[in-house]
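A short worksheet on the structure shown next.
The values are calculated or read from the model by the stated rules, or taken from the named source; none is laboratory data. All of these numbers come straight from a predicted model, not from anything done at the bench. So basically every Cβ, Gly included, is an ideal-geometry build from the backbone, and we count neighbours across all protein chains shown.
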């Protein structure tokens, strides 16, 4: 390790700056696990300052609703961090329109301040195609204590992917994969990496679904939709995260916070649905 660097993430609203140190190995940022810091840094927690700031933000948020507006409870974040599956018409945004690292960290910060506890991140066929995915996960876990599911649509994992997965909090990390790939990924469990089946059963799928009421679903370009099932469908568009806070979106009852007829969409569109993944994970952990 040859030097240290600090990343400064500025909240999009309020001008608050959160600072976290990241180790740098050979010029490349390397997110370190809590075990690393406890062992080599005398027990120091690199997320201590952000945690205190986040706690203060959450306390402030709980007392900010002076207008009497009551937001839908927010418990889940569904993040489509790659361009794949962004638009139903197959058109993808330009790279400069994508949120990027700071944008995703802002999404996590605001979602956590509104009560989010679980996060599912769609990464497509390869974890390696999103170089900052590890910093996103480490921030969600280290600062806000979120449980994180990484939705991988293949069984392709590099040695580096496995090593980086093992650095995350094992109690709060799940590799979400299709049932067809689970058998070939079972070896990860011996390394402490938890698996979660992405496929949603017919009995778990509500025809009239209100799960979006407690969820923020964010596309790669910051556009907000009711959920991943209807991602890219303009009938379920809820604005753009760059223009409107999640609190405002969540409080606006004129927006589509439900999907009246899920049968009109392919069943696979519900795969990796965060509330259902939380249920899958908790059922698996139950004694």
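Filter the range 145-164 down to residues that are touching a residue at least 24 places away in the same chain (Cβ under 8 Å) and over 25 Å from residue 270 (Cβ atoms) and give me whichever is surrounded by the most Cβ atoms within 10 Å (Cβ to Cβ). Outline the logic, then answer.
Step one: list which residues in the range 145-164 are touching a residue at least 24 places away in the same chain (Cβ under 8 Å), which gives 145-158, 160-162, 164.
Going one step further and asking which of them are over 25 Å from residue 270 (Cβ atoms), we end up with 145, 158, 160-162, 164.
Details: 145: 14, 158: 11, 160: 11, 161: 18, 162: 15, 164: 20.
Here the residue is 164.
The selection criterion, being closer than 16 Å to residue 221 by Cβ and modelled with pLDDT of 95 or more, does not hold for residue 139. For residue 229, are the conditions met, namely being crowded, with 23+ Cβ neighbours inside 10 Å, in contact with a strand residue (DSSP E or B) (Cβ under 9 Å, 6 or more places away or on another chain) and assigned to a helix (DSSP H, G or I)? Judged against the criteria, residue 229 is a match. One residue stands out among those in the range 215-238 that are in contact with a helix residue (DSSP H, G or I) (Cβ under 7 Å, 6 or more places away or on another chain) and touching a residue at least 60 places away in the same chain (Cβ under 8 Å): the one that is nearest to residue 80 (Cα to Cα), which is 218.
Answer yes or no as to whether residue 165 is in contact with a helix residue (DSSP H, G or I) (Cβ under 8 Å, 6 or more places away or on another chain), outside any helix (DSSP H, G or I) and more than 18 Å from residue 219 (Cβ to Cβ). No; evaluated as a whole, the condition is false for this residue.
Going through the range 97-113 one residue at a time, which ones are assigned to a loop (DSSP other than H, G, I, E, B) and in contact with a helix residue (DSSP H, G or I) (Cβ under 8 Å, 6 or more places away or on another chain)? Once the filter is applied, which keeps residues that are assigned to a loop (DSSP other than H, G, I, E, B) and in contact with a helix residue (DSSP H, G or I) (Cβ under 8 Å, 6 or more places away or on another chain), the range 97-113 yields only 99. Just checking, how many residues over the range 193-214 are in a helix (DSSP H, G or I) and either without any contact (Cβ under 8 Å) to a residue 12 or more places away in the chain or in contact with a helix residue (DSSP H, G or I) (Cβ under 6 Å, 6 or more places away or on another chain) (or both)? Looking only at that region, the number is 3.
Restricting the search to the range 269-287, which residues are surrounded by fewer than 16 Cβ atoms within 10 Å (Cβ to Cβ) and either closer than 30 Å to residue 106 by Cβ or touching a residue at least 60 places away in the same chain (Cβ under 8 Å) (or both)? Hits for the range 269-287 are 279, 282, 284.
Restricted to the range 243-268, and to residues there that are without any contact (Cβ under 8 Å) to a residue 40 or more places away in the chain, part of a loop (DSSP other than H, G, I, E, B) and within 21 Å of the chain's Cα centre (by Cα), the residue that is surrounded by the most Cβ atoms within 10 Å (Cβ to Cβ) is 244.
Does the range 269-287 hold any residues that are in a helix (DSSP H, G or I) and touching a strand residue (DSSP E or B) at 6+ places or on another chain (Cβ under 9 Å), and which are they? Walk me through it before giving the result.
Our first condition is that a residue be in a helix (DSSP H, G or I); within the range 269-287, this holds for 269-270, 274-285.
Matches in the range 269-287: 270, 274, 275, 277, 278, 280, 281, 284, 285.
Screening residue 175 against (1) part of a helix (DSSP H, G or I); (2) surrounded by 18 or more Cβ atoms within 10 Å (Cβ to Cβ) leaves a single unmet condition, (1). Residue count for the range 125-144 under the criterion of being in contact with a helix residue (DSSP H, G or I) (Cβ under 7 Å, 6 or more places away or on another chain), surrounded by fewer than 18 Cβ atoms within 10 Å (Cβ to Cβ) and outside any loop (DSSP other than H, G, I, E, B): the result is 1.
Does residue 236 count as buried (at least 19 other Cβ atoms within 10 Å of the Cβ), at pLDDT 95 or above and more than 20 Å from residue 281 (Cα to Cα)?
yes
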